[in-house]
């Protein structure tokens, strides 16, 4: 699930998969599209891949609220300054969106989110087990400077700066074991 047709074109060049569009904020008003997405998420699961700007996160959070929990995976592209070739000016936040990412970056984002590859059996290192209490112990939530610490960690891990503490927790659980997460340092 991506925001628009240029994002869809970019993703279709990287993967052979069904790619649906939210039509930007159109998903907020289109009950038929929302019903379809709920059905697809329930039946197959959905991966959400939006731009790393505030609009992308608004759409992502809307989808998180309307789709069945546990049936949605969130893929994140890195924050990379720039503008897409087809545009005269960059986005308001000056970042590349999904359409500006390389196929390799898109594939990495999908794999990091837990996408499966057809016909490929992979022995996965168990990830996860990181809790909100761990986030607190790491200083990533619940303290006066936790927002700044999260921002540093997001930058270090090449994750979008608008990611919430809960989205960071979900992403850390996809990418790291509890032990690996405890080794993440943000003071460097």
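The values are calculated or read from the model by the stated rules, or taken from the named source; none is laboratory data. The shown structure was predicted, so the numbers you read here are calculated from the model rather than taken from an experiment. Please note: Cβ atoms are built from the backbone with ideal geometry, for glycine as well, and neighbour counts cover all protein chains shown.
Yes or no, residue by residue, for (1) assigned to a loop (DSSP other than H, G, I, E, B); (2) under 30 Å from residue 39 (Cα atoms); (3) touching a helix residue (DSSP H, G or I) at 6+ places or on another chain (Cβ under 9 Å); (4) modelled with pLDDT under 95:
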{"residue": "68", "(1), (2), (3), (4)": "yes, yes, yes, yes"}
{"residue": "73", "(1), (2), (3), (4)": "no, yes, yes, yes"}
{"residue": "78", "(1), (2), (3), (4)": "yes, yes, yes, yes"}
{"residue": "83", "(1), (2), (3), (4)": "yes, no, yes, yes"}
{"residue": "86", "(1), (2), (3), (4)": "yes, no, yes, yes"}
{"residue": "90", "(1), (2), (3), (4)": "yes, no, no, yes"}
{"residue": "93", "(1), (2), (3), (4)": "yes, no, yes, yes"}
{"residue": "106", "(1), (2), (3), (4)": "no, yes, yes, no"}
Next on the checklist: So, residue 56, is that one surrounded by fewer than 18 Cβ atoms within 10 Å (Cβ to Cβ), within 22 Å of residue 156 (Cβ to Cβ) and in contact with a strand residue (DSSP E or B) (Cβ under 9 Å, 6 or more places away or on another chain) or not?
Outcome noted: no
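Could you say whether any residue in region 126-137 is free of Cβ contacts under 8 Å to residues at least 60 places away in the same chain, more than 23 Å from residue 109 (Cα to Cα) and surrounded by 15 or more Cβ atoms within 10 Å (Cβ to Cβ)?
From region 126-137, those free of Cβ contacts under 8 Å to residues at least 60 places away in the same chain are 126-137; that's our starting set.
Subsequent filtering for residues that are more than 23 Å from residue 109 (Cα to Cα) retains 132-134, 136-137.
Narrowing further to those that are surrounded by 15 or more Cβ atoms within 10 Å (Cβ to Cβ): 134.
Yes; the residues of region 126-137 include at least one that is free of Cβ contacts under 8 Å to residues at least 60 places away in the same chain, more than 23 Å from residue 109 (Cα to Cα) and surrounded by 15 or more Cβ atoms within 10 Å (Cβ to Cβ).
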Checklist outcome for this item: Picked from region 138-153 (must be on the phi < 0 side of the Ramachandran plot and without any contact (Cβ under 8 Å) to a residue 24 or more places away in the chain), the residue surrounded by the most Cβ atoms within 10 Å (Cβ to Cβ) is 150
Checklist entry - Within region 152-170, is there a residue that is at pLDDT below 85, part of a helix (DSSP H, G or I) and touching a helix residue (DSSP H, G or I) at 6+ places or on another chain (Cβ under 9 Å)? => result yes
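Suppose we keep only residues that are within 22 Å of residue 108 (Cα to Cα) and touching a helix residue (DSSP H, G or I) at 6+ places or on another chain (Cβ under 8 Å) within region 35-53. Which one would you say is surrounded by the fewest Cβ atoms within 10 Å (Cβ to Cβ)?
47
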